[in-house]
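Structure record follows, encoded as structure tokens.
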Amino acid sequence: MTLQLFVQLLAAGVLLGGVYALISIGLTLIFGVMRVVNFAHGEFLMLAMYLSYYAVTSLHMNPYLALIVVAPGLYLFGLVVEMTIIKPTIGRSDVVQVFATVGLSIVLQAVALMAFSANVMGINLPITNALISLGWLTIGVPQLIAFVAAMLVAGALFLFLAATDVGRAIRATAQDRGAAALMGVDVPAIYRLTFALGSAMTGLAGGLLMPIYSVSPTVGEQFVLVAFVVVVLGGMGSVTGALVGGLLIGVVETFSGFVIDPQWKQAIYFLIFLIVLVVRPAGLFGVRGSEELSS
């Protein structure tokens with residue numbers, strides 16, 4: 001392998017990892033505070049991609065300007081889901097939460113199938129195929145934008161959780177919701193905010209993915225498994241872990257797909273995933289309490 005090829009593969013892997021990290025941040029934020037694993041996360045992403053698609057094709061919006069519609073739309077959708085489906089499961093067994101979110105996933109996929117059909121849809125604009133050449137590197141503009149957005153979202157989330165009263169309330173709730181309630185924190189309101197904020201981040205991810213990928217009712221299945229691997233590998237509840245885990249999986253997938261075989265790339269990163277869990281069951285950055293959301 002030449003140095004030029006190595007650099008190109010590394011760049012492609014890092015950009016892909018940024019996409020994976022962006023998809024995973026909302027999922028890990030919700031778990032870090034609420035201890036709820038949203039198995040409908042892939043369908044939230046799918047709805048965001050459809051919303052972005054129709055904003056571009058029907059309203060003739062720039063795909064990145066459409067984010068001002070997509071992210072708030074998913075925020076509101078997350079509020080509704082939390083109040084109607086998630087809230088009644090808080091404090092009940094994990095099985096109840098699993099079945100609630102899995103059932104929501106099935107319903108959303110079925111509704112999307114009826115509303116949008118099974119056809120694969122995509123947008124074809126000059127920016128979706130734009131490339132940047134930097135010496136040896138050739139980088140896709142949409143991939144670069146998604147990567148930069150992942151870094152900015154992670155940084156903004158760190159600052160929000162560390163430097164604002166609401167962020168500190170979220171961290172206190174993540175550490176000990178009983179003690180937080182005794183200190184005057186409105187825990188149910190924090191739960192609503194966290195789930196809606198995590199959903200908005202998923203909406204942001206879906207909007208940024210639309211110029212790169214096509215959308216169909218089952219597109220969530222393409223990403224949700226990788227998102228769970230990234231989140232568990234990095235440490236459930238750790239935003240830093242989601243970022244590092246996404247970059248790691250992106251690089252491993254790119255190199256293994258090229259060096260070994262594209263059909264083996266999932267097997268390779270699952271093998272690494274299992275090795276890490278054997279050595280460190282909590283994941284790379286898995287810790288308890290507020291440190292999960294501020295590290």
*Binning every alpha carbon pair distance of segment 115-201 at 10 Å from zero, what are the percents per bin?*
14, 28, 22, 19, 15, 3
_Degrees, to the nearest 10: 3-34 long Cα axis against longest axis of the chain_ = 20 degrees
*Can you tell me the alpha carbon radius of gyration of segment 4-65 divided by the globular rule-of-thumb value 2.2 N^0.38 Å?*
1.50
_From phi via Karplus (6.51, -1.76, 1.60), per-residue ³J(HN,Hα) for segment 230-247 in Hz, x at Gly/Pro_ = 4, 5, 5, 4, x, x, 4, x, 9, 5, 4, x, 5, 5, 5, x, x, 5
_Just to check, using Stokes-Einstein with a Kirkwood Rh over alpha carbon pairs, what's the diffusion coefficient of segment 3-294 at 20 °C and 1.002 mPa s in µm²/s?_
110 µm²/s
_the chain: angle of helix 265-279 to the longest principal axis, Cα-based, in degrees nearest 10_ = 40 degrees
*Dipole magnitude of segment 3-294 about its Cα centre (Cβ charges: Lys, Arg +1; Asp, Glu -1), debye to nearest 20*: 260 debye
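Laboratory data are not the source of any read-out in this text; all were calculated from the coordinates shown. For clarity, every value in this text was computed on a predicted model and none was experimentally measured. All Cβ positions, glycine included, derive from the backbone under ideal geometry; neighbour counts span all protein chains shown.
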